[in-house]
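Engineer: First the structure, then my questions, so here it is.
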Ligand code: BES
Ligand code: ZN
């Protein structure tokens, strides 16, 4: 009877929790614990330390886990609410390991669009501070990508990795899945003994003999930064506190691609203060990894498309490294404040690139992004949510993934660049250094930043700067600083000449008069533009400057000079394929197909399918290809592309 009563109470509570989430975000703006994307009751009780016991089983593609939450009960609460999605909860106990008491729990209904998943309500005694959740992952655990051997570089061993950001940690760990809370974690992970487990934590540089790995993350982090990968991995050190994990046969390639990492770290520290996470390692993932990089603390996850052989895409490393300050040290409080993570990081990334490779290169990188931002602003303006081009977002009822646009990244960084221009670099650098120190290991909202900015930069230095247009208005404000690049002006001109019919890439012969033994002689000089004459980003802009209606002859001539159809550089490939699809150049379809069969990074995969699906003559090709390929993509890429073919 008593039990029934208790469960009844939880059921009613769970209905209330879900109802509250349906209310508008603005109604609750004053609630400092509000997070539209979590069911947890963080204002009452929150995790301070999480200990994970995980058994990774490749046969069943399941993780069998226990999540032991050490909690701080702020309010004498008798209920703790966690987020779960696609998890099977077996039992919940309270108390220290081995003297545990089983307690009641109730799982709420799946929310309507299954964005948030379900609340898991656990009945506790207010004095209980340890809650242990025994669970299994399922095939709906979207954070997890289980790869068959053929999808790895070696093709011998299977691979598993997790992707938590934004709200997928709840699909592999029952957790209060809101970035507003920070906690430390530790883990004991069991994997097949021929494989190695690594986490976003202190990693052992040696392989274990029995497949058991222990981890600790002694600094507090938000839930989305917990990460795990399991595969045939070896470690290579680059300096006393940097290095990388990769499949053995990639070691040499990675080593030359990442040689500049120690210099990047030194540049970052010089700018904004000491690196706070002891070790900075990189993990190279298989090609299905849906992002370019993910800033998991102590262990950045990197997409293998970054390895091009010429270091041309290492700005991604600079970006993920920069997150060790912006994002990981100072984290966005909710996903509406996502620009606090990404805008600062893109700004910081560009400063690292400038330090290492010079201002010209850094400006070109920024302009490549600004070109994309302009397209994105247009797209957003004509979308269902024109308000998404404000820096501060309202993603209530929506998947926080929808906030992952160039607005947070490029508009956010442009805001900071413009502030820098108005304050002067020295003053602004000092301001940012203090900002990272003041908010280290905490989470902040857009308003927290604005308050800090007002006080510590604007009024202090009597600077008049309209920030409100950046934060709360659509599009681009007038007070943005202009970025120019003479090298890109040259590229633009080259593209104009080429599209006007001039064969600018053909060898050009000219004669020079030289004096040899008092005689004037003519010397023949052959000049021809080579691929190496421009950096990757200049080629990208060259391709973008060409008209959509470019003739197939011209595309074929370009391909014969530079072999763009088969380029190993995925950034160039995307711009090239875009041009070809727009120009209806069918010859490139087989190369697009092999690209889409190899690479799963959403940034490349989604726009290609999108462009193909929009062309009646390519739609079927795209659909058939996607259907045969979709199970090899991570759920993040798969779900995004699937929407294109829904009707
Ligand atoms: N943290 C992001 C990736 C992310 C954002 C994952 C939101 C899930 C939700 C990461 O730092 C990132 O921005 N990656 C970029 C690369 C970067 C150089 C712009 C990417 O993957 O393209
Ligand atoms: Zn980022």
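Every number here is computed from the coordinates shown, using simple stated rules; none is lab data. All figures in this text were calculated on a predicted structure; none of them were measured in a lab. Because the Cβ atoms are built from the backbone with ideal geometry, glycine has one as well, and the counts that use them run over all protein chains shown.
Engineer: For residue 490 and residue 214 in the same chain, what is the full-extension length gain: residue separation times 0.36 nm, less their Cα-Cα distance, in nm?
Structural biologist: Fully extending the segment from residue 490 to residue 214 adds 93.9 nm.
Engineer: Looking at the stretch 152-225 from every direction and averaging, what is the projected area of its Cα convex hull in nm²?
Structural biologist: Details: hull surface 22.7 nm².
So the Cα hull casts an average projection of 5.7 nm².
Engineer: Still on this structure: Could you list 139, 420 in order of exposure, starting from the residue whose Cβ has the fewest other Cβ atoms within 10 Å? Each step should come with its number before you reach the end.
Structural biologist: Values: 139 11, 420 19.
Lowest count first: 139, 420.
Engineer: If you don't mind, another one. Can you pull the Kirkwood radius for the stretch 369-445, inverse mean 1/r over Cα pairs, to one decimal in Å?
Structural biologist: Details: mean 1/r = 0.0699 Å⁻¹.
With all distinct Cα pairs of the stretch 369-445 included, I get 14.3 Å.
Engineer: Using only Cα atoms, what is the ratio of the radius of gyration of the stretch 2-232 to 2.2 N^0.38 Å?
Structural biologist: Numbers: Rg = 17.9 Å, N = 231, 2.2 N^0.38 = 17.4 Å.
The value comes to 1.03.
Engineer: Same structure, new question: Express the relative contact order of the stretch 330-472 as a whole percentage, based on alpha carbon pairs under 8 Å and six or more residues apart in sequence.
Structural biologist: Working: 147 pairs, mean separation 52.2, N = 143.
RCO, the stretch 330-472: 37 percent.
Engineer: Ok, one more. What Rg and what Dmax come out for the chain when only alpha-carbon atoms are used, in angstroms?
Structural biologist: Both quantities, over Cα of the chain: 26.3, 115 Å.
Engineer: Per DSSP H run of at least 4 residues, take -39500 (n - 2.57); add these up for the chain, divide by its residues and hand me the 222 nm value, nearest 500 deg cm²/dmol. Could the numbers behind the result be given before it?
Structural biologist: Numbers: 18 runs with 223 residues, N = 647.
Using -39500 (n - 2.57) per qualifying helix, the result is -11000 deg cm²/dmol.
Engineer: Estimate the FRET efficiency between residue 91 and residue 204 by the formula 1/(1 + (r/R0)^6), using the beta-carbon distance for r and 25 Å for R0, to the nearest 0.05. Write down the numbers at each step before the final one.
Structural biologist: On the way: r = 31 Å, r/R0 = 1.25.
The calculated FRET efficiency here is 0.20.
Engineer: Could you check the spin-label model distance between residue 20 and residue 188? Points 7 Å from the Cα along Cα→Cβ, value in nm.
Structural biologist: So the label points at residue 20 and residue 188 sit 3.5 nm apart.
Engineer: Could you give the length gained by full extension between residue 99 and residue 568, i.e. 0.36 nm per residue of separation minus their alpha carbon distance, to one decimal place? Walk me through the intermediate numbers first.
Structural biologist: Numbers: separation 469, 0.36 × 469 = 168.84 nm, distance 5.66 nm.
Computed gain between residue 99 and residue 568 is 163.2 nm.
Engineer: Can you give me the relative contact order of the stretch 2-232 as a percent, contacts being Cα pairs under 8 Å and 6 or more apart?
Structural biologist: 22
Engineer: At R0 = 35 Å, how high is the FRET efficiency between residue 312 and residue 434 if r is their beta carbon distance? Nearest 0.05 is fine. Provide the component values of the computation, followed by the final result.
Structural biologist: Numbers: r = 34 Å, r/R0 = 0.98.
Efficiency, from the Cβ-Cβ distance: 0.55.
Engineer: For the pair residue 518/residue 7, report the inter-label distance in nm, with labels modelled 7 Å from Cα in the Cβ direction.
Structural biologist: It is 11.3 nm.
Engineer: Tell me whether the stretch 330-472 comes out rounded, prolate or oblate; compute the Cα gyration tensor, take square roots of the eigenvalues as a ≥ b ≥ c, and use a/c under 1.5 as the rounded threshold.
Structural biologist: Numbers: a/c = 1.67, a/b = 1.20, b/c = 1.39.
Oblate, since a/c reaches 1.5 and b/c is not below a/b.
Engineer: Determine the shape class of the stretch 486-598: with a ≥ b ≥ c the square roots of the Cα gyration tensor eigenvalues, call it rounded for a/c under 1.5, and otherwise prolate if a/b is greater than b/c, oblate otherwise.
Structural biologist: Working: a/c = 2.54, a/b = 2.36, b/c = 1.08.
In terms of gyration-tensor shape, prolate.
Engineer: I've got another one for you. I want to check the label-to-label distance for residue 136 and residue 387. Put each point 7 Å from Cα in the C-beta direction and report it in nm to one decimal.
Structural biologist: 4.4
Engineer: Additional query: Label 7 Å along Cα→Cβ of residue 526; the stretch 494-512 residues with amide nitrogen under 16 Å?
Structural biologist: Answer for the stretch 494-512: 505-512.
Engineer: Sort 550, 463 by Cβ crowding within 10 Å, fewest neighbours at the top. Before the final figure, lay out each step's value.
Structural biologist: Values: 550 19, 463 15.
Exposure proxy ranking, most exposed first: 463, 550.
Engineer: Quick check on the stretch 182-252: take the gyration tensor over C-alpha atoms, sort the square-rooted eigenvalues as a ≥ b ≥ c, and tell me if it's rounded (a/c under 1.5), prolate or oblate.
Structural biologist: On the way: a/c = 2.08, a/b = 1.33, b/c = 1.56.
Oblate shape, in that a/c is at least 1.5 and b/c is the bigger or equal ratio.
Engineer: Okay, next question. Grab the Cα-Cα distance for residue 533 and residue 586, subtract it from 0.36 nm times how many residues apart they are, and report the gain in nm with one decimal. Kindly include the intermediate steps, with their values, before the conclusion.
Structural biologist: Values: separation 53, 0.36 × 53 = 19.08 nm, distance 2.89 nm.
Gain on extension, residue 533 to residue 586, equals 16.2 nm.
Engineer: So how far, in whole Å, is the C-alpha centre of the stretch 226-260 from the one of the stretch 188-206?
Structural biologist: 14
Engineer: For 339, 146, 470, which order do you get if you count the other beta carbons within 10 Å of each Cβ and list the fewest first? Working shown, then result.
Structural biologist: Values: 339 30, 146 20, 470 25.
With the sparsest Cβ surroundings first, the list reads 146, 470, 339.
Engineer: Taking 45 Å as R0, compute the FRET efficiency from the Cβ-Cβ separation of residue 378 and residue 511 and round it to 0.05.
Structural biologist: Details: r = 49 Å, r/R0 = 1.09.
E(calc), rounded to 0.05, equals 0.35.
Engineer: Let me ask another. For the chain, what is the relative contact order in percent, using Cα pairs closer than 8 Å and at least 6 residues apart in sequence?
Structural biologist: Working: 1184 pairs, mean separation 65.2, N = 647.
Reported relative contact order: 10 percent.
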